[in-house]
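The values are calculated or read from the model by the stated rules, or taken from the named source; none is laboratory data. Keep in mind it's a predicted model, so treat the numbers as computed, not measured. Glycine also receives a Cβ, built like all others from the backbone with ideal geometry; neighbour counts cover every protein chain displayed. These accessible areas exclude ligands, DNA and RNA; they are computed on the full protein's heavy atoms, side chains included. Shrake-Rupley method; radii C 1.70, N 1.55, O 1.52, S 1.80 Å.
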Amino acid sequence: MSESNPSSNVEANPLTGGEAVASDKVLADRAMLQKAQAEGKTLGTYIKLSGPGWLQSAITLGGGSLAGSLFLGVMGGTSMLWLQLVAIVLGVVMLSAISYVTLSTGRRPFEAINNEINPALGWGWIIATVLANMIFCMPQFSLCYDALDKNLLSLGGGEGLGDSRGVRWAVTMVLFFAAGFIVLLNTKQGRAAKVFDIFLKTLIGMVVICFFGVAILLLAKGQLNFASIFAGLIPDLTQFVRPAGDLRESVANLSPEASSFWTGRLMGTQRSVMISAIATAVGINMTFLLPYSMLARGWDKTFRGLARFDLSTGMAIPFVLVTSCVVIASASSFHNKIDDQLASSDVAVMQTSPLFEKVKGDLTARVDSTLGADAESTDEATKLQMIADLPKDEKLLAAALVKRNAFELSQTLAPLLGAERAKLIFGLGVFGMGFSTIIILMLINGYAIREMFGRPNSQTIFIVGVLIAGASGASWVELWTDPDKKFWLAILASTFAVMLLPIAYFTFFLMMNSREILGDDRPTGGHRLGWNVFMGLAVIGATASAGVALYEKYMAPDPLSFRIVAFIWVAYAIAVALGFALKKKTPRTT
């Protein structure tokens, strides 16, 4: 077979379906790997040739991961460190299965799914990927702008960028064209592609160093408790039904009435943030990126071990380090903590707290639950005094429901790190997360749009796909700053991306067990059992995440969002059923 013969120059090109000449780079890499494998010394070669795993790292370390990690730290302290670790391990298992199928067959997954499994699954996968790219690109532009405005350009007494619409558009267009240029480097061979790899690895390295540096500085200041950190790495499934971290004790210290109120208030938010953290570890567009980025590099069976190593080191390790450090820093700053003003029983003092307006709604609801039928007739001043008289534990629980961002975290840590150092570290880290994600979302969209048009070798359509994602992301200035539009965009994105992830996982589960697709390369015996157990756990985890997301839509104040989501799901389920019933295999193009 050609993949085992490094001297063969002509082979099938999986991205075009026709014959192509393997580049000297591919042949040299293949020969290097085969030699290393024969000698049993693969580590150095794997490190040298790694690449697609770093692409995955660039997308998984985005605004969603940052927001999820921050909120995990706020709500659960370090007790929730296990969650993202488990999520990324299961994600690596699933992505490793995807890489195994792709490199074993040399087939484009979209074509293989449509012909061998179900066209409804293939089209659902690719449509969800494109929508996720377009919508999730918006908050990444917003994140980059905020990092420049609030941190990097306010260093040394600078005034930042401000809220001018014109300035937002100008900065956004600079980011758009810079990201587009970097993406195009990846389409070139030789030195340009190498520059792309180096740039991306440098960007990810900067993100890791920034947030890991925060944890080191907290350690040096004596702010970290290693016992609680290590305890937080042990999975605790009771956190899906009971408050996490120190909040569990705060709830236990309350009266039965107060305990019931705050448990109900906390758990909806806690489950949502846990599901969000799981969902942002591996998104549906990541399942699309991996196989196409490997095929674009000319990888084949010889590279299967490298692919698993690349995912473990290039994606999993940076993700675990960064998200864990953000959780630790957030826990140190926010978990089970409030300022003295909010804790005060003096109404005037309490109202001076910067948190007061953010917790007022939950604390008022708590007072109203005590007043019962008298809530409507009770005046505002009386309610405020009742809020001020609430125990500190109840105010701590209300504060746990307040979403924080990286810029609030940097301000909180300024006394420990120094104001300028905190701004610089968080500014660089947050900007790196946002900009790297923009680059990869645009890259994925180029691959996806080419597939949708059936033109996998078209550079023109690839560029159009790249520009579509970038232009959609740049529109954040008009769309993402409008709360109503942002709400419905988030509904659309979560419907197709978060809820269709288990469909993508299940599809590749079927492919990994398909003799029609893998032939003699289908795992057997203990290897097959191991793959199926871990892939099954990943499918169950993704399905549970989708189920909770659907439940949250059902419980949302706006029933229209649930009806829309339910309609889409029913329609898609019918399409999948028809796909299995009517599917006719078409001859495979080689």
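Descriptive notes on the structure:
- Rg/Rg_ref, region 347-401, where Rg_ref = 2.2 N^0.38 Å and atoms are Cα: 1.06
- D379-I568 FRET efficiency (beta carbon distance; Förster radius 56 Å; 0.05 resolution): 0.75
- Extended-chain gain in nm, criterion 0.36 nm per residue less alpha-carbon gap, K48 and L479: 151.0 nm
- Given charges at beta-carbon only (K, R positive; D, E negative), |dipole| of region 347-401 in Debye: 280
- When each of K221/K395; K150/K201; K150/K423; K194/K301 is checked by Cα-Cα distance, pairs over 19 Å: K221/K395; K150/K201; K194/K301
- In nm, spacing of pseudo-spin labels at T238 and F453 (7 Å Cα→C-beta vector): 5.7
- Hz values of 3J(HN,Hα) by residue in region 31-37 - Karplus curve (6.51, -1.76, 1.60), Gly and Pro given as x: 5, 4, 5, 4, 5, 5, 5
- The chain, accessible surface, carbon-and-sulfur percent (1.4 angstrom probe): 64
- Note on region 61-196: with charges restricted to the Cβ of Lys and Arg (+1) and Asp and Glu (-1), its dipole about the Cα centre is near 420 debye.
- Between T313 and T352, the contour length at 0.36 nm per residue exceeds the Cα-Cα span by 9.3 nm.
- Shown here is the pair-distance distribution of region 89-144: with all Cα-Cα distances grouped in 10 Å bins from zero up to the longest one, the shares run 20, 36, 33, 11, 0 percent.
- Calculated FRET efficiency for the pair T460/L529, C-beta based, R₀ 41 Å, to 0.05: 0.35
- Sparse-neighbourhood loop sites, trypsin sites (Lys or Arg not before Pro) in region 397-433 - DSSP loop, at most 13 other Cβ within 10 angstrom: K403
- Solvent-accessible area per residue, Å², over the chain with all protein chains present [probe radius 1.4 Å]: 41
- Listed residue (Y551, F453, M75) projecting farthest to the positive dipole end of the chain, Cβ model: F453
- Once the chain from R515 to E39 is taken as fully extended at 0.36 nm per residue, the excess over their C-alpha distance is 168.2 nm.
- Unit charges at the beta carbon, dipole of the chain: most positive-side option, A571, L289, G519: G519
- Crossing angle, helix 63-76 versus the chain [Cα axis fit, 0-90 degrees, rounded to tens]: 40
- The chain: proportion of alpha-carbon pairs further apart than 46 angstrom, %: 17
- Within the chain, helix-based [θ] at 222 nm, where runs of 4 or more DSSP H residues each add -39,500 (n - 2.57), nearest 500: -23500 deg cm²/dmol
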